Amino acid sequence: MKLFSMTAAVLATGLSFCCCNLFAQEDVRSTTTVTKATLVFAIGGLGDGSYNDQAWAGLQLAGTEFGVDVNYRSPGDPPDREAVLTEVANGNSDLIIATGTMFSDVITDLAESHTTQTFVCLDYSHSGPVPENLAGISFREHEGAFLVGMIAALKSRTGRIGFVGATPIPLIKRFEAGYTQGAKYAVPAVHVDPVYASEGDDGFNNPLKGEQMANLLIDGGADVIFHASGSTGLGVFKAAEDRGVMAIGVDKDQSSSAEEGVIITSMLKKGDVLVRNVVSQVVNGQFSGGRISYGLVEDVLGYVYDPAIIDQNIRNHVEDAKAKIIRGEISVRSRVPGETAATTWYIFE
C-alpha cells in the first residue's frame, strides 16, 4: 500500500435553508394512504454501525408508531443504485427514502415520473429543480464537525490529529472542513492530517483500508482520529483500540464499536429522528417537498458528551462555541480554509 496525492476541483454546494420542522412531535393522527415505506441504503448497507443503521432504526420506529409496513433494500456490491431505486419506485411503496448523495439525480427523475408517490433523499445534492413530491434533505455537517474538532484538539497529547474520509466529494469534505476549523479554533497550533480511502464510493465500505489508514496516521503522530467513512470507520476504531489512541465516531453514538474509552465522542447527525418525523408528516398530510438544510440551529447535529471522558472545561469551551455558531458569531465554512480547486489531498491505495 502507498500514499499518493491527487488534484481535483472541490465543488461548492449551495444549501438553502428551510424552517420546516421535521422534529415537531405531532399528536394529531389522521387516516393515511401510506401503507408501505421502503428505505434504500447507501453504500455499506445494513450493519454499517452508522448512517444506514440509524435511518433504518428511525423507519422501524415510524412503522410501529403509524402502522406503516416498512422495508429496506441495498444496492448490492457492486452497487446498482439506479436499478434498485427504480424497481422500488415501480413497486407498491407509497414512500421511498434513499440515504446518500449518490441517489440525488436518479431520485429526482423518479419523483418527476412517479407523481403519486412521495420521495425523500438524505444528503441530497441535485443542482436542478426539485419536484414537489420530493424532500431533498442536506446537512451542514461542517457545523457539527467543528465541535468534535475542538474536542480532538483539546484531548490530543501530541498536537497532531487525523481525519479519515471515504471519498473527497463535497459531502465528506464538509466534515473535514468543520473538523479542521474547530480544531484550530480550540488549539491554533494543532496539525490536522486528512486522508481519503478512495476516489469512488467503495471508500464507504472497506474496514481493512480504514484500519490501514488509521495506522498510517498513528505512525505519523496522530493520537485522535475522526472518521466520516461509513463502515470503513470500523477499521479506524480497531486500529485506535489496538494502538492505544482515541477515535471519534460519526452520525450516531458509536462508542460501543470499540473498548470503553477509545471512542471519546461521536458527531451526531440525527437521521433516525428525521426519518421518523418525515413519515409522520406524510401520514398526517403535512409533507412539504423541496430543499431542506439542517444544522446546529435546528438541533439536528450535535455530539456525544460523556463526562467520564470529556472534562467540564472542554465541555464549556465546546458549548460556548456551539452557542456562537447558532447565534452567527462563528461562521463555519464548508471548505477547508485555504483550499482551492488546485488543492492536493491524499488518497490511500
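The table for this structure:
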item	result
Criterion violated by Ala111 - all others in (1) out of contact with any strand residue (DSSP E or B) (no Cβ under 7 Å at 6 or more places or on another chain); (2) open to solvent by less than 40 Å² (accessible area, probe 1.4 Å) satisfied	(1)
Residues (among the small types (Gly, Ala, Ser), in contact with a helix residue (DSSP H, G or I) (Cβ under 6 Å, 6 or more places away or on another chain) and open to solvent by 10 Å² or more (accessible area, probe 1.4 Å)) located in the stretch 258-290	Ala258
Selection within the stretch 129-181 - of a type outside the set (S, T, N, Q), under 18 Å from Ala197 (Cα atoms), touching a helix residue (DSSP H, G or I) at 6+ places or on another chain (Cβ under 6 Å) and surrounded by fewer than 24 Cβ atoms within 10 Å (Cβ to Cβ)	Leu171
Positions within the stretch 58-85 being outside any loop (DSSP other than H, G, I, E, B), over 16 Å from Lys36 (Cα atoms), modelled with pLDDT of 85 or more and not acidic (Asp, Glu), in sequence order	Ala83, Val84
Filter pass, Asp219 being closer than 25 Å to Phe139 by Cβ, acidic (Asp, Glu) and open to solvent by 10 Å² or more (accessible area, probe 1.4 Å)	no
The stretch 89-104, residues that are assigned to a helix (DSSP H, G or I) and either open to solvent by less than 10 Å² (accessible area, probe 1.4 Å) or farther than 21 Å from Leu274 by Cα (or both)	Ala89, Phe103, Ser104
Val84 touching a helix residue (DSSP H, G or I) at 6+ places or on another chain (Cβ under 9 Å) and in contact (Cβ under 8 Å) with a residue 40 or more places away in the chain	no
The stretch 105-119: number of residues that are of a type outside the set (A, V, I, L, M) and either touching a helix residue (DSSP H, G or I) at 6+ places or on another chain (Cβ under 6 Å) or not in a helix (DSSP H, G or I) (or both)	6
Residue check, Leu46 modelled with pLDDT of 50 or more, open to solvent by 70 Å² or more (accessible area, probe 1.4 Å), in a loop (DSSP other than H, G, I, E, B) and among the aliphatic types (A, V, I, L, M)	yes
Of all residues in the stretch 224-257 being more than 15 Å from Tyr196 (Cα to Cα) and of a type in the set (S, T, N, Q), the one that is least open to solvent (accessible area, probe 1.4 Å)	Gln254
In the stretch 326-346, the residues that are at pLDDT below 65 and either charged (D, E, K, R) or open to solvent by less than 60 Å² (accessible area, probe 1.4 Å) (or both)	Thr343, Trp345
The stretch 190-215, residues that are open to solvent by less than 40 Å² (accessible area, probe 1.4 Å), under 15 Å from Ser231 (Cβ atoms) and among the hydrophobic types (A, V, I, L, M, F, W, C)	Ala197, Phe204, Met213, Ala214
Qualifying positions in the stretch 114-127 - closer than 23 Å to Asp202 by Cα and open to solvent by 20 Å² or more (accessible area, probe 1.4 Å)	Ser125, His126
Selection from the stretch 165-220 of residues that are out of contact with any Lys or Arg (no Cβ under 9 Å at 6 or more places or on another chain), among the aliphatic types (A, V, I, L, M) and not in a helix (DSSP H, G or I)	Ala166, Ile169, Val187, Ala189, Val195
Matching residues, the stretch 120-164, being within 13 Å of the chain's Cα centre (by Cα), assigned to a loop (DSSP other than H, G, I, E, B) and charged (D, E, K, R)	Asp123, Arg140
Residues of the stretch 291-307 classified as surrounded by fewer than 18 Cβ atoms within 10 Å (Cβ to Cβ) and under 23 Å from Phe66 (Cβ atoms), total	1
Among (1) in contact with a helix residue (DSSP H, G or I) (Cβ under 8 Å, 6 or more places away or on another chain); (2) farther than 20 Å from Leu147 by Cα, the one test that Gly220 misses	(1)
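The values are calculated or read from the model by the stated rules, or taken from the named source; none is laboratory data. Predicted, not measured: the structure shown is a model, and the values here were computed from it. Note: ideal-geometry Cβ built from the backbone for every residue, glycine included; neighbour counts use all protein chains shown. All accessible areas refer to the heavy atoms of the entire protein, side chains included, with ligands and DNA or RNA removed. Shrake-Rupley method; radii C 1.70, N 1.55, O 1.52, S 1.80 Å.
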